[in-house]
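The values are calculated or read from the model by the stated rules, or taken from the named source; none is laboratory data. The shown structure was predicted, so the numbers you read here are calculated from the model rather than taken from an experiment. Heads up, the Cβs are rebuilt from the backbone with ideal geometry, glycines too, and the neighbour counts pull from every protein chain shown.
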């Protein structure tokens with residue numbers, strides 16, 4: 001599908017257009033607000049979307065995960081749910097920029113109301129790169145957009161697991177990237193809502209450092225059996241990615 005001409009897309013103050021190195025797709029970002037990070041890209045590489053499936057991305061932010069999944073998979077339709085109106089509007093302009101209006105919808109709304117927005121058992125796959133921090137963990141600063149994206153202010157891990165389970169079809173797959181320090185809480189919360197962890201992969205910045213991300217696949221009403229995949233190492237040395245990272249980014 002041909003991309004829209006850049007001249008048809010209005011950029012707001014502080015916004016820029018970045019090349020995603022996939023299918024010629026681009027994305028609008030604003031460094032003063034919240035730009036996507038490696039965690040979103042790694043989640044798009046870890047998630048499995050089969051031909052003809054429907055996907056919901058919870059807390060889509062810039063819309064990066066639906067756009068990358070559309071580029072990488074044969075999924076039929078992708079929806080991004082975002083509570084911050086300005087972020088959702090920017091994500092929708094990125095969808096238009098890439099001529100993907102028939103494949104990707106951006107919906108402004110609260111995950112706590114997702115059952116009313118979409119109806120139960122609406123999706124084959126759910127992805128989420130949620131806020132990692134609870135309470136006063138980390139520095140919040142004065143930027144409300146970044147604070148909402150990083151801290152459990154508008155939604156909690158429990159909100160995401162509960163509503164994600166409600167929105168998934170039977171045996172639907174749930175994909176999340178999070179921080180290892182909350183691993184026990186994450187697994188307990190997922191299983192509470194019938195999302196059984198099936199695959200996990202730990203991400204290490206360097207081979208001799210502690211992991212700083214965890215990628216999780218859970219199956220709705222799945223059996224209790226989990227596979228721990230080989231670790232993902234981000235850097236060979238300072239500033240040089242490993243071959244696996246280059247592959248995920250599409251370079």
Restricting region 43-65 to residues that are in contact with a helix residue (DSSP H, G or I) (Cβ under 9 Å, 6 or more places away or on another chain) and surrounded by fewer than 22 Cβ atoms within 10 Å (Cβ to Cβ), which is farthest from residue 96 (Cα to Cα)?
46
Which helices (runs of 4 or more DSSP H) does region 71-170 wholly contain that include 1 or more residues that are closer than 30 Å to residue 222 by Cα and at pLDDT below 95?
114-118, 144-150, 157-167
Looking at this structure, is residue 48 more than 30 Å from residue 230 (Cα to Cα) and either under 18 Å from the mean Cα position of the chain (by Cα) or in a loop (DSSP other than H, G, I, E, B) (or both)?
no
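What tally of residues in region 171-185 results from selecting those that are closer than 17 Å to residue 220 by Cβ and buried (at least 22 other Cβ atoms within 10 Å of the Cβ)? Before the answer, list the steps.
Start the filter on region 171-185 by keeping residues that are closer than 17 Å to residue 220 by Cβ, which leaves 171-176.
Subset that is buried (at least 22 other Cβ atoms within 10 Å of the Cβ): 172-176.
Qualifying residue count for the region: 5.
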Residue hits (region 203-251; in contact with a helix residue (DSSP H, G or I) (Cβ under 9 Å, 6 or more places away or on another chain), surrounded by fewer than 18 Cβ atoms within 10 Å (Cβ to Cβ) and assigned to a strand (DSSP E or B)) are 235, 236, 241
Residues in region 88-102 that are in contact with a helix residue (DSSP H, G or I) (Cβ under 7 Å, 6 or more places away or on another chain), surrounded by fewer than 19 Cβ atoms within 10 Å (Cβ to Cβ) and touching a residue at least 12 places away in the same chain (Cβ under 8 Å): how many?
0
